[in-house]
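Asks: This is the structure I want to talk about, given as structure tokens.
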Amino acid sequence: MKLFLFSFLLLNNLVVLAQPEEIEHVKIGLDSSDVENLFPHIDHIYDGEILISQLGDLEGIQTAKNYKILSFVISYPHGEKNLSVDIKGNVIPKEIIEDIYKYAIGEMIFITNIVTEDINKHIFELVPMNLIPIE
């Protein structure tokens, strides 16, 4: 009798499991349209090749939330050595753009230590950028 009852319950559960159930779709996390990225960019270029004219864009380094970029470091090849220059603000100065044009076209440049300030005056650092200026 116990074996019959056990077999009946087991068979009944298998039949219930075999029946398709309607799947409820659950949304996890935030809606991607509500999320704004904080990756820095110059003229909507985040990494890779960038025209030298775009690198000198007067809007400079920006984020999607338009946080204020306070400073950054730009490093680039300069002949036999590499230069690293601390910049205040968010725009690469014209002299640096001219230097990059002379020595670093087609070479990787690095924009690091990008310090930004949000609307609540919180200061934090953004991820670095790796760009290759081209003509």
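Asks: Tell me, what is the FRET efficiency for L38 and E135 to the nearest 0.05, using R0 = 30 angstrom and their Cβ-Cβ distance as r? Working shown, then result.
Replies: Numbers: r = 30 Å, r/R0 = 1.01.
Computed FRET efficiency for L38 and E135 comes out at 0.50.
Asks: If you roll a 1.4 angstrom probe over the protein chains with everything in place, what fraction of the accessible area of the stretch 43-135 belongs to carbon and sulfur, to the nearest %?
Replies: Accessible surface attributable to carbon and sulfur in the stretch 43-135 totals 50 percent.
Asks: Quick one: 3J(HN,Hα) in Hz for the stretch 44-60, Karplus 6.51/-1.76/1.60 with θ = phi - 60°, rounded, Gly and Pro as x.
Replies: Here the 3J(HN,Hα) series is 6, 10, 9, 6, x, 6, 9, 5, 4, 5, 6, 4, x, 3, 5, 6, x Hz.
Asks: I'd like to compare 117-124, 78-85: which one has the highest average count of other Cβ atoms within 10 Å, and what's the full order after that?
Replies: 78-85, 117-124
The values are calculated or read from the model by the stated rules, or taken from the named source; none is laboratory data. None of the values given here were measured: they were computed from a predicted structure. Here Cβ is always computed from backbone atoms with ideal geometry, including for glycine, and neighbour counts include all displayed protein chains. Surface accessibility is based on the protein's heavy atoms, side chains included, excluding ligands, DNA and RNA. Shrake-Rupley method; radii C 1.70, N 1.55, O 1.52, S 1.80 Å.
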